[in-house]
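S.K.: After the structure tokens below, expect a handful of questions from me.
The values are calculated or read from the model by the stated rules, or taken from the named source; none is laboratory data. None of the values given here were measured: they were computed from a predicted structure. Using ideal geometry, Cβ is built from the backbone for each residue, glycine included, and neighbour counts are taken over all protein chains shown. Note: accessible area is taken over every heavy atom of the protein model, side chains too, but ligands, DNA and RNA are not part of it. Shrake-Rupley method; radii C 1.70, N 1.55, O 1.52, S 1.80 Å.
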Amino acid sequence: MPNRKPLIAGNWKMFKTCAEAVETAKQLMELVAEVSDTEVMIAPPFTALYPVANTVKDGQVLLGAQNLHWEKEGAYTGEISPLMLVSAGCRYVIIGHSERRQYFGETDEDVNKKIKAAVKHDLIPIFCIGESEQERESGQTFSVLDKQVKKGEERFFANDLKTLVIAYEPVWAIGTGKTATSHQAQEVHHFLRSLVGDLFGDTLATSIRILYGGSVKPENISELMARQDIDGALVGGASLNAETFSKIVQFKRA
Ligand code: PEP
């Protein structure tokens, strides 16, 4: 059996003030205090990273950011560098989320540079990919994902990507209440693992964690996690409430 520790990651998007973020993080710490077989990560907005880092420092909840700039520093008004994220206590960073691609014009090339910057600074990238509803309906799901993976991972070697996490997030399932069936998700995860194998070899394909994201809730997590190639979840809306998120973290194992 491959030794892939499940990861349940919460993306808080543009929600929560510093005080609210700290309060939710405190509640979550208590609720998941006994969990040791699953990694738990939360990604609050930038402003709350440092206070939340102080809140979670003695527990097992890990901290992530929702984005980064690829340069270490410079005249890039409004941007945040990998170095700054590390100094704020981040271990993970979400890269290429569909909302960044859709609303902020992030391209596959930008995503590639961001993954490079994250790896260089020892941040674990959560590399998001996914097809739109129209792409799925016109039968392009696999070709879209193939292109996103190849572009995002261009000029990398297997060794650079040892820690990389891929998040498959069908755009039509994000924040819509529509979840891919566990069969649809498994089919794509299997395809992605084979693609990683073709590009980087079996060792990386076996060890890489592939998360599912898109309207994950306490009611559907166990069925998703029972599938062979699903190693965790990237959770948006349902991660904002500590109790709901803790139920997802404590999914029923098959
Ligand atoms: C996300 O933001 O990555 C996400 C999957 O959102 P939601 O769980 O709300 O669909």
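S.K.: I need the chymotrypsin sites (Phe, Trp or Tyr not before Pro) found in the range 142-212, filtered to DSSP loop residues with at most 12 other beta carbons within 10 Å of theirs.
M.R.: On the way: sites: Phe142, Phe156, Phe157, Tyr168, Trp172, Phe191, Phe200, Tyr212; in loops: Phe156, Phe157.
Here the sparse-neighbourhood loop sites are Phe157.
S.K.: Next up: Rounded, prolate or oblate: which fits the chain, taking a ≥ b ≥ c as square roots of the Cα gyration tensor eigenvalues, rounded meaning a/c under 1.5, else prolate when a/b beats b/c?
M.R.: On the way: a/c = 1.43, a/b = 1.11, b/c = 1.29.
In terms of gyration-tensor shape, rounded.
S.K.: Could you work out how far apart the two model spin labels at Asp202 and Ser138 are, taking each label as a point 7 Å from the Cα in the direction of the beta carbon, and quote it in nm?
M.R.: My value for the distance between the label points is 3.8 nm.
S.K.: Can you give the accessible area per residue of the range 1-134, in Å², using a 1.4 Å probe? Spell out each step's value before the answer.
M.R.: On the way: 6490 Å² over 134 residues.
Dividing the accessible area of the range 1-134 by its residue count gives 48 Å².
S.K.: To continue, here is another question. Of Lys114/Lys162; Lys16/Lys114; Lys162/Lys247; Lys116/Lys247, which pairs sit farther than 27 Å apart, going by alpha carbon to alpha carbon? Could the numbers behind the result be given before it?
M.R.: Working: Lys114/Lys162 16 Å; Lys16/Lys114 25 Å; Lys162/Lys247 29 Å; Lys116/Lys247 34 Å.
Violating the 27 Å Cα-Cα cut-off are Lys162/Lys247; Lys116/Lys247.
S.K.: Could you sort out which of Lys13/Lys72; Lys150/Lys252; Lys13/Lys57; Lys72/Lys178; Lys57/Lys178; Lys113/Lys252 sit more than 32 Å apart by Cα distance in this structure? The partial results should precede the final answer.
M.R.: Details: Lys13/Lys72 23 Å; Lys150/Lys252 34 Å; Lys13/Lys57 21 Å; Lys72/Lys178 38 Å; Lys57/Lys178 35 Å; Lys113/Lys252 37 Å.
Going by Cα-Cα distance, Lys150/Lys252; Lys72/Lys178; Lys57/Lys178; Lys113/Lys252 fall outside the 32 Å limit.
S.K.: Another question, if that's okay. So how far, in whole Å, is the C-alpha centre of the range 19-74 from the one of the range 157-185?
M.R.: 21
S.K.: Using a simple spin-label model with points 7 Å from Cα along the Cα→Cβ vector, what separation in nm is obtained for Thr77 and Ala226?
M.R.: 5.4
S.K.: Heavy atoms of the protein only, probe of 1.4 Å, neighbouring chains included. What is the accessible area of Leu62 in Å², nearest 10?
M.R.: We get 50 Å² for Leu62.
S.K.: Also, I was wondering about something else. Using a 1.4 angstrom probe on the protein heavy atoms only, line up Asp146, Asp58 by accessible area, largest first. Present the calculation step by step, with values, prior to reporting the outcome.
M.R.: Working: Asp146 40, Asp58 140 Å².
Putting Asp146, Asp58 in descending order of accessible area: Asp58, Asp146.
S.K.: Carbon and sulfur atoms: what percent of the 1.4 Å accessible area of the chain do they account for? Show your work: numbers first, answer last.
M.R.: Details: 6200 of 11910 Å².
Accessible surface attributable to carbon and sulfur in the chain totals 52 percent.
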